[in-house]
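Below is one structure, written out as structure tokens; comments come after it.
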Amino acid sequence: MKGKAVVLLMQLLIVAGMGLLLLFIVNPGIPIGWLVNPGHRKVAQEWLTEASNGRFEEASHAIGHPRKEEWIRGMQRLKEEGFYPIGFERLKVPHDRELGDGRVHIDFMENGSKKTYYAILTFGGGSVGQVCIFSPQTERTEAWNKLNCHY
């Protein structure tokens, strides 16, 4: 009886392993996402928290492009012009398990009034790649996107 249980367990493990292998071959993004998405959520929360508190130097540690000093100056300039993040909610990472991207609503102070914008986050190399305001397109959101979206 014990021998049959061991054989059955081994068969189940083989079938499960083959299923995972097939999943990895057909769509490698899914099992890879299981590993990297928790890290993406953590780095997104760090970036959003630091940026929302005006700590752009600290937030720059979570971004993945080499122009960090330029980014810090740009964020400070936007703040001086009256457009800066003050909070966030509804962070969803991953939004799409295959792409590993994220979505968030970011609260901004815009000329003395609070406005909320929907943003898309991308990741790469364990850091935030882009934080792009999706809409509406205004002079302020365009300035933000030129700084935070690499297009």
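The values are calculated or read from the model by the stated rules, or taken from the named source; none is laboratory data. The structure presented is a predicted model; accordingly, all values stated were derived computationally and were not measured. Positions of Cβ are generated from backbone atoms using ideal geometry, with glycine treated the same way; all protein chains shown enter the neighbour counts.
The rows are residues; the columns are (1) of a type outside the set (Asp, Glu); (2) surrounded by fewer than 15 Cβ atoms within 10 Å (Cβ to Cβ); (3) modelled with pLDDT under 95.
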residue	(1), (2), (3)
LEU91	yes, no, yes
PRO94	yes, no, yes
GLU98	no, yes, yes
GLY102	yes, no, yes
ASP107	no, no, no
GLY112	yes, yes, yes
GLY124	yes, yes, yes
VAL131	yes, no, yes
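Surrounded by 13 or more Cβ atoms within 10 Å (Cβ to Cβ), modelled with pLDDT of 95 or more, at negative phi and touching a Gly at 6+ places or on another chain (Cβ under 8 Å), is that true of ILE86? Steps first, answer last, please.
On the way: surrounded by 13 or more Cβ atoms within 10 Å (Cβ to Cβ): yes; modelled with pLDDT of 95 or more: yes; at negative phi: yes; touching a Gly at 6+ places or on another chain (Cβ under 8 Å): no.
Considered against the rule, which asks whether it is surrounded by 13 or more Cβ atoms within 10 Å (Cβ to Cβ), modelled with pLDDT of 95 or more, at negative phi and touching a Gly at 6+ places or on another chain (Cβ under 8 Å), ILE86 comes out as no.
How many residues are crowded, with 17+ Cβ neighbours inside 10 Å and in a helix (DSSP H, G or I) when one looks only at the range 133-146? If you could, list the steps in order and put the result at the bottom.
Just the residues of the range 133-146 that are crowded, with 17+ Cβ neighbours inside 10 Å, to begin with: 133, 140-141, 144-145.
From the residues that got through so far, the ones that are in a helix (DSSP H, G or I) too are 140-141, 144-145.
Looking only at that region, the number is 4.
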Item checked: Count of the range 40-63 residues which are in contact (Cβ under 8 Å) with a residue 24 or more places away in the chain, closer than 17 Å to THR122 by Cβ and part of a helix (DSSP H, G or I) -> 9
Note to self: Can you tell me which of (1) farther than 15 Å from LEU48 by Cβ; (2) basic (Lys, Arg); (3) surrounded by 14 or more Cβ atoms within 10 Å (Cβ to Cβ) is the one ARG77 doesn't meet?
What the structure shows: (3)
Note to self: Here is a check on your reading of the model: is GLN11 modelled with pLDDT of 90 or more, of a type outside the set (A, V, I, L, M), part of a helix (DSSP H, G or I) and over 16 Å from SER127 (Cα atoms)?
What the structure shows: no
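Applying the selection to the range 64-74, what residues are of a type in the set (D, E, K, R) and either touching a residue at least 12 places away in the same chain (Cβ under 8 Å) or exposed (fewer than 15 other Cβ atoms within 10 Å of the Cβ) (or both)? Before the answer, list the steps.
Taking the range 64-74 first, the residues of a type in the set (D, E, K, R) are 67-70, 73.
Those that are of a type in the set (D, E, K, R) and either touching a residue at least 12 places away in the same chain (Cβ under 8 Å) or exposed (fewer than 15 other Cβ atoms within 10 Å of the Cβ) (or both): ARG67, GLU69, GLU70, ARG73.
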